[in-house]
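All remarks here apply to the structure that follows.
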Amino acid sequence: MEPIRRLIYDLDLPDLKEQFEAWGQPAYRAVQVWQGLYKQFWNTPEQFSSLPLSLRQQMADKFTFTGLIPGQVLQSSDRETTKTLFSLDDHRAIEAVLMKYDERRTLCISTQAGCSMGCVFCATGQMGFKRNLTSGEIVEQVLYYARLLKMEGERVTNIVVMGMGEPFHNYDATMAAINRLNDPQGMMLGERRFTVSTVGLVPMIKRFAGEKRQINLAISLHAANDTLRSQLLPVNHKYPIADLLSACREYVEITNRRLTFEWALIYGVNDSVDDARELARLLHGMMCHVNIIPLNPTHRYSGQATTRQRADAFRNTLVEAGIPCTIRLRRGIDIEAGCGQLAIETTPTP
Ligand code: SAH
Ligand code: SF4
């Protein structure tokens, strides 16, 4: 039987050096390969043409360079947002999105196939949990787009970990992926260029705070009282708002970094001026920012997007209360980018 090949992006540089050492190769060879992967974005052994042929063959036998098979590609009508559906080695589907605004080239990447958190308005939540991605599978989404952008003379500038899945439910792989992309001898994507979004897993927020990283953190809040939040985000039963907000305040205190709260405005559910006042009371005095996003309606949730007028009133209420906030119009809404909606339509439900 053919031995199972490891995904090469699952390795850190020291792992790669160890492998090369086992092959009787000098460490600088491993660095050469690392740079090929993370600076040139090569994805076939043949591209490493400065290596001896026998070594390239060893690499081909030991490693696979493609853990993700790109499938359907959708482009928004303004051509600024591209979404690619990938198939994993076990045929699970995930997606990653490229957004081009101004000079930024922002990727939205996935950390899990599906998600176990069950947020009622989320297409990924509606499909349930399939499995965690490995760190290499997370990394490869970035390399895929980096390769495409490189051909256009461009580069990835920002990464938002807001695709399918809950990154703090796959904490180690998510952090390992960020570290690998951050590596000074490789792609060198600065920590500040990353934003990780969590549904609010309190122990992990505390752990993340303790690591004092420069990575940005966003919290999906969506409701300012436990009754409503538990209806929308079942995880709130386990980690209610008081616990969540106390972890958030701890995070800001320890890291001295501004926290982002996300709020998807759902018509008649959480988009009134009273809702905004309740939120302002909750966040009072905290170094934070609120991202308001009109709900992107999904098939299995009856809630609708708010109106422009209600969104403006919501924002004005927050601003008057001294809470900085921005209304983010969803990009690529015509290709259902950003919340697992393509995957849910093409993945058969069990
Ligand atoms: N699991 C993480 C990150 C992925 S979801 C989290 O929940 O934070 C990224 C963001 O999209 C979250 O704020 C999530 O609440 C939001 N989201 C999910 N479905 C949405 C929808 N249908 N409309 C608007 N925002 C949605
Ligand atoms: Fe999971 Fe985030 Fe979707 Fe909730 S919103 S189900 S945590 S992906």
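The values are calculated or read from the model by the stated rules, or taken from the named source; none is laboratory data. Treat the numbers as computed from the prediction; the structure is a model and nothing was measured. Note that we place each Cβ from the backbone using ideal geometry, even for glycine, and neighbour counts take in every protein chain shown.
Looking at the stretch 263-270, can you tell me whether even one residue there is within 22 Å of the chain's Cα centre (by Cα) and more than 20 Å from T326 (Cβ to Cβ)? No: zero hits. So, in the stretch 226-240, of the ones that are farther than 19 Å from C288 by Cβ and charged (D, E, K, R), which residue ends up nearest to the chain's Cα centre (by Cα)? Restricting to residues being farther than 19 Å from C288 by Cβ and charged (D, E, K, R), the top hit is K238.
Looking only at the stretch 281-302, residues that are surrounded by fewer than 20 Cβ atoms within 10 Å (Cβ to Cβ), part of a loop (DSSP other than H, G, I, E, B) and either within 12 Å of ligand 2 (Cβ to nearest atom) or among the charged types (D, E, K, R) (or both) come to 3 in all. Selection over the stretch 136-157 of residues that are surrounded by 23 or more Cβ atoms within 10 Å (Cβ to Cβ) and among the charged types (D, E, K, R) gives a count of 2. Selection of the stretch 204-233 for residues being surrounded by fewer than 19 Cβ atoms within 10 Å (Cβ to Cβ), of a type outside the set (S, T, N, Q) and farther than 24 Å from D172 by Cβ yields D226, L228. How many of the residues making up the stretch 173-184 are within 16 Å of ligand 2 (Cβ to nearest atom) and surrounded by fewer than 22 Cβ atoms within 10 Å (Cβ to Cβ)? The total comes to 1. All conditions but one from (1) part of a loop (DSSP other than H, G, I, E, B); (2) exposed (fewer than 15 other Cβ atoms within 10 Å of the Cβ) apply to M187; the one that does not is (2). Checking each residue in the stretch 1-40 for being β-branched (V, I, T) and loosely packed, with under 14 Cβ neighbours inside 10 Å picks out only I4. Taken together, the residues in the stretch 55-96 that are at pLDDT 95 or above, surrounded by 16 or more Cβ atoms within 10 Å (Cβ to Cβ), more than 19 Å from M127 (Cα to Cα) and under 21 Å from the mean Cα position of the chain (by Cα) amount to 2.
Scan the stretch 254-279 for residues that are touching a strand residue (DSSP E or B) at 6+ places or on another chain (Cβ under 9 Å), of a type in the set (V, I, T) and either without any contact (Cβ under 8 Å) to a residue 24 or more places away in the chain or within 16 Å of ligand 2 (Cβ to nearest atom) (or both) and the total you get is 2.
The residues of the stretch 245-283 that are basic (K, R) and under 16 Å from L217 (Cα atoms), listed by number, are R249, R257, R258.
Scoring C122 on the criteria (1) surrounded by fewer than 23 Cβ atoms within 10 Å (Cβ to Cβ); (2) within 25 Å of P234 (Cα to Cα) leaves a single failure, condition (1). Across the stretch 190-203, which residue is nearest to ligand 1 (Cβ to nearest atom) among those that are surrounded by 19 or more Cβ atoms within 10 Å (Cβ to Cβ) and under 27 Å from W34 (Cα atoms)? Filtering the stretch 190-203 for residues that are surrounded by 19 or more Cβ atoms within 10 Å (Cβ to Cβ) and under 27 Å from W34 (Cα atoms), the one nearest to ligand 1 (Cβ to nearest atom) comes out as V196.
Take the stretch 211-225 and flag every residue that is in a loop (DSSP other than H, G, I, E, B), more than 14 Å from ligand 2 (Cβ to nearest atom) and over 13 Å from the mean Cα position of the chain (by Cα). Within the stretch 211-225, K212, R213, Q214, A224, N225 meet the criteria.
Taking residues in the stretch 144-170 that are under 9 Å from L107 (Cβ atoms) and of a type in the set (A, V, I, L, M, F, W, C), and partners anywhere that are within 16 Å of ligand 2 (Cβ to nearest atom) and assigned to a loop (DSSP other than H, G, I, E, B), the pairs with Cβ atoms closer than 7 Å and at least 6 places apart or on different chains are I159/I109.
Within the bounds of the stretch 158-172, is there any residue that is part of a strand (DSSP E or B) and surrounded by fewer than 23 Cβ atoms within 10 Å (Cβ to Cβ)? Yes, the stretch 158-172 contains at least one residue that is part of a strand (DSSP E or B) and surrounded by fewer than 23 Cβ atoms within 10 Å (Cβ to Cβ).
Restricting attention to the stretch 192-210 and to residues that are assigned to a helix (DSSP H, G or I) and aliphatic (A, V, I, L, M), the residue that is farthest from K238 (Cα to Cα) turns out to be A209. Selection over the stretch 276-315 of residues that are closer than 29 Å to E253 by Cβ and either among the polar types (S, T, N, Q) or within 14 Å of ligand 1 (Cβ to nearest atom) (or both) gives a count of 5.
Condition check: more than 8 Å from ligand 2 (Cβ to nearest atom), at pLDDT 95 or above and closer than 12 Å to G165 by Cα. Does L133 satisfy that? For L133, the condition - more than 8 Å from ligand 2 (Cβ to nearest atom), at pLDDT 95 or above and closer than 12 Å to G165 by Cα - is met. Collect the residues in the stretch 118-157 that are within 8 Å of ligand 1 (Cβ to nearest atom), in a helix (DSSP H, G or I) and touching a His at 6+ places or on another chain (Cβ under 9 Å), keeping them in residue-number order. Answer for the stretch 118-157, where residues must be within 8 Å of ligand 1 (Cβ to nearest atom), in a helix (DSSP H, G or I) and touching a His at 6+ places or on another chain (Cβ under 9 Å): just A123.
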